[in-house]
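A short write-up of the structure that comes next.
The values are calculated or read from the model by the stated rules, or taken from the named source; none is laboratory data. The structure displayed is predicted, hence computed values, not measured ones. We place every Cβ from the backbone using ideal geometry, glycine too, and count neighbours over all the protein chains shown.
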Amino acid sequence: MKKLISLVLSLLLAAACIPAVAEAAPVADAGSILAVDAVAMGLANMSPQVKGGESTERGCIGLQSAAEGDGFADGCLMFPVEVATSGAYEITVRYAAKAKEGQTRCADLIVNEGERIHLPIVGQADWNIYVDAKVTVYLPAGMNTLYLKNVEGFDNSTYKAINVDFLAWTLIAPSADTGRILAVDAVYAHLNDMNPQFKGGESSDRGVLGLQPATRASGAFADARIEFTVVVDTAGTYEITVRYAAKAKAGQTRCCDLIVNDGERVHLPIVGQADWNVYVPATVTVELQQGLNVIRLTNVEGYDNSTFKSINVDYLEWKLVTGE
């Protein structure tokens, strides 16, 4: 009996010495994980920081990398994020970072071992000020690993740590291999008129957008744009349809270019109609990557308002043709 009791006590002692592993948050399309509940690796101080007006009683974690040999470790905080819905998510990192001349406060975000995303870190007056850095990423349904790390080529003489309070996520748009986005729900800039157009038989009671570019002070035309963020689950060939209105007029060319993920310009097959009440589709085939894609509608290169004219854009649609 004494040997059995001794064995049980030994097992309990061994279990108590095992380091705690961060618990995954419940499966949800919105949530947050405190930095002190993440998995910390390669940091100069792995203990919670309870100084400088931290926003949680449990403290925050300094993202300063530990010295390692002649350089610095790839210090990180790992957040296990499990979501029920694939799609575009807004990731928020709440942090404190005191501004100091000659130093750059910085942090990178890596989602599922993908590319590094530089967070928009801005130094503040002191360590008592907590602010949010936000980026948009694609998360597939299920478990995801989100790493906060120092930048590549970290050099402590210029790059400095931030104190991380928590990481939060919120679903913005579910991913789908077929869908539609109204022009008025897209992100648009440099249009001659930034307001929805409620004239000419628009097909949506919320209006359409005129792609006429604004005139710059120099007299040149701005690069007018309507940007649609399209989130898909399947990489492959997609049919993109732009529904538009464009009145035909002698000596004028109604035109629009489409650019996917900053790639090549594709001229849409725009055809002028009898009046502005007629809406028709322009369809092209493009390649989309899994996750986030930015599809931009813009004026043609070398735009000249004496010959080139705008179209009114109602919506953009996408449909998977062939998946990879």
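Within this structure, Asp304 passes the test of being more than 30 Å from Val111 (Cβ to Cβ), among the acidic types (Asp, Glu) and in a loop (DSSP other than H, G, I, E, B). Restricting Ala107, Ala84 to residues that are within 22 Å of the chain's Cα centre (by Cα), small (Gly, Ala, Ser), modelled with pLDDT of 95 or more and assigned by TED's automatic domain parsing to the domain that holds Gly31 narrows the list to Ala84. Which strands (runs of 3 or more DSSP E) does segment 74-172 wholly contain that include 1 or more residues that are of a type in the set (S, T, N, Q) and in contact (Cβ under 8 Å) with a residue 60 or more places away in the chain? Strands (runs of 3 or more DSSP E) meeting the threshold: 87-96, 130-139, 142-149. For segment 243-280, the candidate set comprises residues that are in a loop (DSSP other than H, G, I, E, B) and of a type in the set (S, T, N, Q); within that set, the residue that is farthest from the chain's Cα centre (by Cα) is Gln252.
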